[in-house]
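The values are calculated or read from the model by the stated rules, or taken from the named source; none is laboratory data. Keep in mind the model is a prediction, meaning the values are calculated, not measured. Cβ: placed from backbone, ideal geometry, glycine included. Neighbour counts: every protein chain shown. Only protein heavy atoms, including side chains, enter the accessible area calculation; ligands, DNA and RNA are left aside. Shrake-Rupley method; radii C 1.70, N 1.55, O 1.52, S 1.80 Å.
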Amino acid sequence: MSREGERTVVWLEGECDIATLPVLAETLAWTMSLGDADLVVDLSRVTFIGAATINALVQSGNLLHGQSRTLTLRSPSRLVTRVLLVCGLTALLEPDRRDSSVPIR
């Protein structure tokens, strides 16, 4: 975790699934409790993203929204971008990635 101006950044790495959910949930909760900063989750090193991780990100985003804060997803791989597209979550991507066309095959 680090700060980038007014935002807090958390990096995820490797396979993010039900096995990593407890650590992710704890990290997100702790990070969100630190202050009133928006949260950026960097996905550049994620090789797999499962439903449990997607759910944790959505729940965190909803909680932050209720506090007039935002959750943004940054630098997902093509695979992760495809999952976010299928889940209807591309609005969480940084603005420059929202319009990227990723074919589903």
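The string of couplings for segment 40-46 from the Karplus curve (6.51, -1.76, 1.60, θ = phi - 60°) is 10, 10, 8, 10, 4, 9, 7 Hz, one whole number per residue in order, with x for Gly and Pro. Between the helical axis of 51-66 and the longest alpha-carbon principal axis of the chain there is an angle of about 40 degrees. Sequentially through segment 75-83, phi angles give Karplus couplings (6.51, -1.76, 1.60; θ = phi - 60°) of 6, x, 5, 4, 4, 5, 4, 4, 4 Hz, Gly and Pro residues having no value and appearing as x. Under 5 Å from the amide H of Ile49 lie the amide H atoms of Cys16, each residue being 5 or more positions distant or on a separate chain, with H modelled from the backbone and absent for Pro and chain starts. Beta bridges from DSSP with both residues in the chain: antiparallel share about 20 percent, rounded to the nearest 5. Charge tally around Arg69: other residues with Cβ under 15 Å, Lys/Arg +1 each, Asp/Glu -1 each, net -2. Think of a 1.4 Å ball rolled over the protein heavy atoms: the chain then has 58 Å² of accessible area per residue. Compute the acute angle (0 to 90°) between the alpha-carbon long axis of helix 21-33 and the principal axis of greatest extent of the alpha-carbon atoms of the chain; round to the nearest 10°. Helix 21-33 sits at roughly 50 degrees to that axis.
Against the empirical curve 2.2 N^0.38 Å, the C-alpha radius of gyration of the chain lands at a ratio of 1.00. In this structure, the amide hydrogen of Thr72, modeled 1.01 Å from its nitrogen in the peptide plane, lies closer than 5 angstrom to those of Leu39, Val40, Val41, counting only residues at least 5 positions away or on a different chain. Taking the Cα centre of the chain as reference, the dipole from Cβ charges on Lys and Arg (+1) and Asp and Glu (-1) amounts to some 320 debye.
Adding -39500 (n - 2.57) for every DSSP H run of four residues or longer, then dividing by how many residues the chain holds, sets the calculated 222 nm ellipticity at -12000 deg cm²/dmol.
The share of accessible area on the chain that comes from carbon and sulfur is 54 percent, using a 1.4 angstrom probe.
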